């Protein structure tokens, strides 16, 4: 998925990468003047990592909603109570009276930040195939959106 | 003419931060949309980028503040469980809504969706703000990134819009007071 900075890449505009005194850069032709001179921009790795991180964060929110909804069934099957686990307000003193929402959103924010940090580190100074990254992030966000939609997550409710 | 603490926080969460979010979205979206080399001179780009960074950063910060105040300040008042034997649910909005079949869906559908979908907005808005700051004027040459940012920005607005709309309607049916 990652293209090294020394290899040519293809995206919306013809791109290539090179190095400069300030580190690796992506070389891209201007958006709407494809015959113009090549202009260097920063590599897209850290931004691409953010896109995936937002997708992962959204997915974790959705998963939290579905797992909480199905907690009675899951508890019966494997003995783990997701509803009780997600009460970060009571378990870890993260607020008062927020209930399972405190766990769902805290885990989502942790997943968002951790994914961005890790991928940002792995993709630092690199130009990655952005369209693929963007499509992946949209798919993750779409799944997350769907799982927060009540008619969908209620399908997983016990009884 | 006075407001209780709860009403004041509900106002800050919904109307104050909500209005600021809308304003920041409008400014940021228009700035991103028109950020094309053929539209703007280099001097124009240099002048616009700091403003765009401010709009998108404000939107990101406001989105975080909105969901944090909503979840940790207003929401506990909304979902508070009334003591045994309570018949007047005026100060217990969730119970008030669920007490009548005609209003129960405001909680079961509206609030259940709102409280989760709202959290998607700050995640997306943060990525947009970061990308604008990271690329600066170079964003005019990254058509791929700029287009994706417009999509993310719009999705963030849609998520916040759904949450805001249900928030307003639920508050009308059962205000936090």
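Worth a mention:
- Candidates in the range B:1-16 are the residues that are in contact with a helix residue (DSSP H, G or I) (Cβ under 9 Å, 6 or more places away or on another chain) and either in a loop (DSSP other than H, G, I, E, B) or buried (at least 18 other Cβ atoms within 10 Å of the Cβ) (or both); of these, the one that is farthest from the other protein chains (Cβ to nearest Cβ) is B:3.
- The helices (runs of 4 or more DSSP H) found entirely in the range A:52-159 that carry 2 or more residues being within 30 Å of residue B:135 (Cβ to Cβ) and at the interface with another protein chain (Cβ under 10 Å from one of its Cβ atoms) are A:101-122, A:130-148.
- Of B:19, B:53, all but one fail to be without any contact (Cβ under 8 Å) to a residue 12 or more places away in the chain and assigned to a helix (DSSP H, G or I); the exception is B:19.
- Apart from one condition, residue B:86 fits all of (1) farther than 13 Å from residue B:59 by Cα; (2) within 23 Å of the chain's Cα centre (by Cα); the exception is (2).
- Looking across the range A:23-51 at every residue that is more than 7 Å from chain B (Cβ to nearest Cβ) and part of a strand (DSSP E or B), the one that is modelled with the lowest pLDDT is identified as A:27.
- Count of the range B:30-46 residues which are loosely packed, with under 12 Cβ neighbours inside 10 Å, in a helix (DSSP H, G or I) and away from every other protein chain (no Cβ under 12 Å): 1
- Check on residue B:104, within 25 Å of residue A:155 (Cα to Cα) and either crowded, with 21+ Cβ neighbours inside 10 Å or within 12 Å of the chain's Cα centre (by Cα) (or both): no
The values are calculated or read from the model by the stated rules, or taken from the named source; none is laboratory data. As the structure is a computational prediction, the values presented were derived from the model and not from experiment. Please note: Cβ atoms are built from the backbone with ideal geometry, for glycine as well, and neighbour counts cover all protein chains shown.
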